[in-house]
Each structure stands twice: as structure tokens, then as C-alpha cells.
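The values are calculated or read from the model by the stated rules, or taken from the named source; none is laboratory data. In this text the structure is predicted, and so the values were computed from the model without any measurement. Glycine also receives a Cβ, built like all others from the backbone with ideal geometry; neighbour counts cover every protein chain displayed.
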Amino acid sequence: MGNRHSSTQLIHRGSESCPIFLPVINSPPAYFLEITVSNPAPHFPPAFIDLMRDTLGNDAQLAAFLAISQQPLRRSLRVNTLKISVVDFLQQVSGYGWQLEPIPWCAEGFWIQRAEADEALPLGSVAEHLSGLFYIQEASSMLPVSALIDRVPQPETVMDMAAAPGSKTTQLAALMQNQGAIVANEFSASRVKVLHANLSRCGVSNTALTHFDGRVFGAALPEQFDAILLDAPCSGEGVIRKDADALRNWSLESTHDIAATQRDLLESAFHALKPGGTLVYSTCTLNRIENQQVIEDLLQRYPQAVEIDSLTGLFAGAEQALTPEGFLHVFPMLFDSEGFFVARLRKTAAVAPLPAPHYKLGKLPFTPVPRKLVEDIRQAAKKVGLYWEETQELWQRDKELWLFPTPIVPMLARVRFSRIGLKLAETFPKGYRWQHEAIVALASPQASNRVELTEEQAHEWYRGRDVYPEQPLPADEVIVTFQQQPLGLAKKVNTRLKNSYPRELVRDGKLFRL
């Protein structure tokens with residue numbers, strides 16, 4: 001579907017919380033993972049201050065908001081329980097001198113403070129981050145997934161409608177324990193690669209990626225999902241502590257334009273939701289136009305089919321942010337965080353479908369692996385320490401073998417996916433070339449062919465260099481690990497292990513604590 005608000009372009013300014021819409025003329029989208037602001041003084045347009053005064057209700061609250069907006073944002077992380085328990089993670093990093101404060105709405109989340117000397121090494125370059133043991137995620141952005149899974153703890157089918165860079169998709173996958181299936185959609189082509197890289201690093205295996213304007217899904221996949229997360233593109237008023245220029249191009253007119261797009265996306269998500277299903281709508285902005293009023297529009301359109309599911313009691317202290325309707329309107333001064341808005345809705349009845357989409361899918365390039373070959377592939381994978389559950393199905397495309405999440409299979413004839421599940425291997429006359437993402441997600445920590453690297457050897461591995469273990473090598477193909485976490489598969493060549501780390505992931509600069 002086309003975007004009728006084509007004058008507004010999507011600019012991602014580095015927030016892990018949600019995309020940001022800002023009006024830009026004749027300028028291509030720019031994407032950054034981290035931003036260093038030379039002048040931290042934030043820009044507050046006068047019309048924005050007036051809007052916040054009306055939203056907050058009094059000058060004292062406005063003063064508190066403006067004061068906290070000029071303070072540095074606390075860093076936070078979320079432990080990836082697909083790879084390690086919270087208890088084991090805290091034990092593993094206990095010697096680092098990190099101060100970790102629990103985040104009340106996410107059992108796996110922590111605010112982190114590091115010693116000034118440690119800040120010379122980016123948090124993304126420590127060993128535990130490189131191996132996917134944690135995700136650097138702003139605390140408030142953990143709220144939407146917590147709200148969704150609190151109501152639907154074991155969904156079979158979930159959609160993350162605006163998924164990149166992957167903070168919420170990886171959080172969902174961890175809480176679902178890689179069971180069921182997540183359709184992770186991202187409208188921006190350049191951000192799909194970032195999304196896939198983060199899913200791979202975290203060992204996620206239950207996702208299927210799509211690259212569409214989210215407004216297509218209500219018609220393409222009607223009443224398909226048990227749960228949907230719409231972390232909607234927004235004006236980004238809540239991220240000013242991270243990006244002092246977040247509001248440089250803000251205007252009331254652009255806010256209304258963005259809200260129109262949000263209403264379209266929310267209606268699409270509502271149509272894609274099963275009756276009885278749960279939908280969480282969230283933004284990293286603060287005005288009611290993009291938040292409460294967007295929800296009110298859906299309630300008015302479908303008064304007999306949707307109801308608000310109050311977030312009362314979601315976590316200790318939630319009442320500080322609770323609105324009369326039962327939403328969470330998180331201003332930065334409430335929890336010393338980014339600003340955020342979260343609403344949870346329940347679909348109470350089926351609704352008339354939207355017109356069928358007009359597009360051709362083309363022939364699916366995948367076919368199921370014949371049953372007689374499935375066990376042979378399993379046994380070959382077992383020899384190199386790879387295992388998967390019955391909830392994943394083997395499919396093939398030319399010489400490629402893929403593992404698809406079973407709940408995705410019924411959707412294959414209804415929408416085009418850009419990537420499904422895990423690429424397991426490429427086939428050759430003499431065997432298989434096992435893929436890096438499969439090693440990270442499926443390798444057993446107890447595999448007999450595992451070789452644990454020293455810190456220095458792991459450092460070399462991440463730099464793309466061969467390593468020379470001193471111990472005897474247990475097999476011709478070995479899983480190399482560091483801190484008991486799989487880093488990849490290596491072939492023995494005499495006394496060295498040939499590095500197979502993907503070239504696009506090779507790191508320069510300082511790593512670990514070396």
C-alpha cells in the first residue's frame with residue numbers, strides 16, 4: 001500500500017525504543033545506532049512547550065519535565081535468557097564492577113553504571129554483548145513487550161509490526177523461549193539487515209522477516225495473530241535525553257500528519273488480530289495526539305469489537321504513570337528514563353474484513369525437505385553439535401537448508417517473506433556447510449566437539465583471524481566457544497582452526513578488556 005502522507009519521511013535518530021517520524025524535504029533517511037551530541041542542550045520549540053504544558057496540567061510538572069530532559073539518559077541492558085539465566089549472568093559479570101539496578105517492569109532488565117575508566121571500552125564491545133548474552137536497550141522500551149506477554153504468556157503467533165533494530169523482537173523471542181512464531185516487519189530496507197544481525201547474535205530462531213508498509217497486514221493476514229505489538233513510528237518527543245536535536249524539526253502540523261499514519265497502522269494491526277487477541281500500541285512520544293487520540297479513534301470505529309485492557313498493576317509503581325483510561329503515559333521524570341506511551345487493547349469480536357490486497361506473490365522458492373532425508377540431516381547436524389526441536393520444520397531452496405517455525409507455514413501462500421527462520425546449511429556432494437546463524441542459535445554447550453577459547457584467542461576470532469589452540473582438537477570441525485557461548489564453527493587445518501566468522505561481523509578496535 002502507498003503512503004498517503006508521503007511528505008513525511010522516517011528518520012531513525014538512534015533510539016532503541018521506536019522509530020521517529022520527522023518532516024524532511026529532499027533528504028534521504030539516515031540511520032545511526034549511536035549518537036554523540038557535541039552540544040547537549042536540547043531544542044524545545046515554543047509550540048512544543050505549550051503542548052507539554054497542556055498535557056502535564058501545570059507549570060511545576062512542566063518545569064520537572066524540562067529539567068530531566070537536560071540530564072543524561074541512564075544506560076540500561078536486558079539479559080538475553082535464550083542464552084543465559086539472569087542469575088548466571090549476574091554471576092558472570094560480578095567481577096566487572098558494574099552497578100546494576102533492576103528495572104521494575106522487566107525481570108531481565110537493569111540500569112547500568114560503569115566506572116569511568118571502563119567507559120573507554122564501548123558496552124557493545126564487551127564479550128558478553130558480542131556473544132549475545134545481553135541487549136543494550138532503553139528501559140522504557142522494555143515496557144511494551146512486558147505488557148503484551150503479561151496478558152498472553154505463551155502466544156503461538158505474534159507480529160512485531162515495526163521491528164528494527166530488534167530490541168523488542170529479541171525480548172519477545174526470549175520470553176517465548178523461541179517457541180511459536182514472530183512475524184517481524186520492518187518498512188525500511190536498510191534497517192532489515194540490522195534487525196537480522198541482532199536476531200542472529202541473540203540466537204533467535206522463531207522469526208520470519210517481512211519488509212512492508214504495515215498498513216498491508218490487516219488485509220493480507222486478517223485475524224491471523226494471537227498478539228500484535230505496534231511500536232508505532234512517531235515524533236520522538238520522549239527521546240530528547242538521548243538526542244538533543246530530536247525536536248529540531250518538530251511542528252504541530254507534522255504531529256497531526258504522523259497521527260494519521262498511526263491510525264492507519266493501528267487499524268491494520270487490529271484487523272490482523274484474532275478475536276480474543278491482545279494488541280499493544282506504544283510510542284516514544286508524549287503528546288495525546290499520537291497516543292490517547294489514536295486509541296480513541298479505533299474505539300470509535302469499532303465500539304463493539306475492542307476494549308481497553310488496563311495496565312493497572314503491571315509493575316510496582318505503575319500507578320505513577322497510569323492514565324484514567326488504563327494506559328501508561330511515562331514522562332521522563334517519573335522513572336528517570338525516556339518518555340513512552342503504552343496502551344493494551346483486546347479484540348472482543350470479529351469485524352468485517354478489509355478489501356483483499358492486490359499483489360502477486362509468485363511461486364514460493366522453498367519446498368519441504370522429503371521426510372526420508374530429515375533424519376539424515378538431523379544426524380549430520382548432531383555430529384557437529386547442532387540440535388533443534390520438532391516445532392521447527394526443514395525446508396529447502398536449491399542447495400540451501402532452512403529451519404522454519406511451524407506456525408509460519410500456513411502464511412507462506414499469503415504474504416511474501418524476506419527471510420524465514422534460520423538458514424541451517426548449504427549442501428555439497430561431500431556434506432554440509434553449516435551456517436553461522438545456526439551455530440549461534442542451535443549449538444549445544446555440551447557438544448563433544450566444542451573447543452573453549454582463551455580470552456586472547458576469542459579476541460583473535462572476532463577480528464577474523466585463525467586461532468592456534470594448545471589443546472588437542474576433538475574433531476575436524478569444532479564449535480569454538482568463549483565463556484561457554486558458541487562463536488562459530490571452525491575446521492581443523494593441521495594445528496590451527498580456520499576462522500569462519502562472517503566478514504561483515506569482524507570487529508576492529510578495542511574488545512573485551514584487553
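Just one residue in the set His271, His329 is in contact with a Pro (Cβ under 7 Å, 6 or more places away or on another chain) and not polar (S, T, N, Q); that residue is His271. Residues that are surrounded by fewer than 24 Cβ atoms within 10 Å (Cβ to Cβ) and in contact with a Lys or Arg (Cβ under 7 Å, 6 or more places away or on another chain) within region 148-164 comprise just one, Arg151. Among the residues of region 452-506, just one is under 23 Å from Gly132 (Cα atoms), hydroxyl-bearing (Ser, Thr, Tyr) and either in the same structural domain as Gly124 (by TED's automatic domain parsing) or surrounded by fewer than 14 Cβ atoms within 10 Å (Cβ to Cβ) (or both), namely Thr454. Set side by side, the residues Leu130, Leu123, Leu100, Leu143 differ, and just one is in contact with a His (Cβ under 9 Å, 6 or more places away or on another chain) and aliphatic (A, V, I, L, M), which is Leu123. One residue stands out among those in region 298-335 that are of a type in the set (D, E, K, R) and in a loop (DSSP other than H, G, I, E, B): the one that is surrounded by the fewest Cβ atoms within 10 Å (Cβ to Cβ), which is Glu325.
The conditions of being over 23 Å from Leu373 (Cβ atoms), at pLDDT below 95 and in contact with a Pro (Cβ under 9 Å, 6 or more places away or on another chain) are not met by Pro472. Looking only at residues of region 434-451 that are exposed (fewer than 15 other Cβ atoms within 10 Å of the Cβ) and not hydroxyl-bearing (Ser, Thr, Tyr), we find that the one that is modelled with the highest pLDDT is Gln446. Among residues of region 352-410 being assigned to a loop (DSSP other than H, G, I, E, B) and of a type in the set (Asp, Glu), the one that is farthest from the chain's Cα centre (by Cα) is Asp398.
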